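A.B. asks: Got a structure here, written out as structure tokens. Questions coming.
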Amino acid sequence: MTFDQLDIIKPILKALTHEGYTNPTPIQENAIKPILDGRDLLACAQTGTGKTAAFVIPILQNLVTMGRKNKTQRNIEVLILAPTRELAIQIGQSIDAYGKFLNIKNTVIFGGVSQKTQVDSLNRGVDILVATPGRLLDLMDQGYVDLDSIKFFVLDEADRMLDMGFINDVKKVSYKLPKERQTLLFSATMPEEIEKLANTLL
Ligand code: AMP
């Protein structure tokens, strides 16, 4: 199979060619179409399988086809939660890479560093926010993050969120999201607690 056969739009195909990707990985083959069709998704996928592109590519495409280009102001339309700063940064880099021919802005926020540059970036306006849960809640409490416009919510490495004790923070964030949204949950393993969470989120 090729990315062409998954109906990926030209500017994203071009970016994928720049990255040297020729064929989708199995998780991409299985996940991209349902996400483009607007469906919620529960995916079992380990790091290294190409799972980041499996959700970033169709979300970028959905943002483009929703016609957001005509908007004058940027609202956060995509929230991606990741358990660690390293993973969050990596997801941000993937968005930059696959979206390099699109007019879509993202920023990454995580704890353990000053919040100033993160707040400045949020204030300038972003379409996609990648965040670790603690810093996100912190900035939400301070009024810097408004989740009312979220249309896509991704929970990445959900089982690691559980292992690291972030599950309550994830739930707190999820209560603040609009009910009408597309939700994607990625996890390497599916412990009972994650299944339960998936049932409430999806
Ligand atoms: P991930 O599982 O998201 O951490 O991705 C693992 C690695 O695979 C990353 O370095 C990606 O750049 C790379 N990758 C993702 N999709 C593809 C693809 N279709 N072809 C080749 N490499 C890919």
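The values are calculated or read from the model by the stated rules, or taken from the named source; none is laboratory data. A quick note: this is a predicted structure, and the numbers were derived from the prediction, not measured. When we count neighbours, we look across all protein chains shown, and the Cβ atoms used for this are built from the backbone with ideal geometry, even at glycine. Surface accessibility is based on the protein's heavy atoms, side chains included, excluding ligands, DNA and RNA. Shrake-Rupley method; radii C 1.70, N 1.55, O 1.52, S 1.80 Å.
A.B. asks: Using the C-alpha gyration tensor of region 106-202, what are the square roots of 5 times its eigenvalues, in whole angstrom, with the largest one first?
C.D. replies: So the three semi-axes of region 106-202 are 23, 15, 11 Å.
A.B. asks: Would you work out the Kirkwood radius for region 58-113? I mean one over the mean of 1/r across all pairs of different Cα atoms, in Å. Display every interim value, and only then the final one.
C.D. replies: Working: mean 1/r = 0.0805 Å⁻¹.
The Cα-based Kirkwood calculation yields 12.4 Å.
A.B. asks: Under the rule of -39500 (n - 2.57) per DSSP H run of 4 or more residues, summed and divided by the residues of the chain, what mean residue ellipticity at 222 nm is obtained, to the nearest 500 deg cm²/dmol?
C.D. replies: It comes out at -13500 deg cm²/dmol, rounded to the nearest 500.
A.B. asks: Please report, for the Cα atoms of region 21-90, the Rg to one decimal and the Dmax as a whole number; what are they, in angstrom?
C.D. replies: Here Rg and the maximum Cα pair distance are 13.4, 38 Å.
A.B. asks: Still on this structure, please answer the following. Please provide three numbers in whole Å: the alpha-carbon extents of the chain along the principal axes, with the largest listed first.
C.D. replies: 43, 42, 30
A.B. asks: At 1.4 Å probe size, with every protein chain present, just tell me what the per residue accessible area of region 146-202 comes to in Å².
C.D. replies: Heavy-atom accessible area per residue stands at 50 Å².
A.B. asks: List every residue whose amide H lies under 5 Å from the amide H of GLN182, counting only residues 5 or more places away in sequence or on a different chain, with H placed 1.01 Å from N in the peptide plane.
C.D. replies: When sequence neighbours closer than 5 places are left aside, the close amide H contacts are PHE152, PHE153.
A.B. asks: In nm, to one decimal, how far is the TYR175 label point from the SER121 one, both placed 7 Å along Cα→Cβ?
C.D. replies: Taking the two extended label points, one gets 2.8 nm.
A.B. asks: FRET efficiency for ASP96 and ASN168, Cβ-Cβ distance as r, R0 = 41 Å, nearest 0.05?
C.D. replies: Plugging the Cβ-Cβ distance into 1/(1 + (r/R0)^6) gives 0.85.
A.B. asks: Keeping all protein chains in the complex and leaving out DNA, RNA and ligands, what accessible area do you get for GLU193 with a 1.4 Å probe, in Å² to the nearest 10?
C.D. replies: Using a 1.4 Å probe on the heavy atoms, I get roughly 80 Å².
A.B. asks: Taking every pair of distinct Cα atoms and averaging 1/r, then inverting, what Kirkwood hydrodynamic radius in Å comes out for region 1-117? Write out the running numbers ahead of the final one.
C.D. replies: Details: mean 1/r = 0.0661 Å⁻¹.
Hydrodynamic radius (Kirkwood, Cα pairs) of region 1-117 is 15.1 Å.
A.B. asks: Would you mind counting up the charge near THR25? Only other residues with Cβ under 15 Å from its Cβ, with Lys and Arg at +1 and Asp and Glu at -1. Mind dumping the intermediate values first?
C.D. replies: On the way: positive: LYS33, LYS51; negative: GLU19, GLU29.
Net charge in that neighbourhood comes out at 0.
A.B. asks: What whole-number distance in Å separates the alpha-carbon centres of region 157-202 and region 24-67?
C.D. replies: Measuring centre to centre over Cα atoms gives 17 Å.
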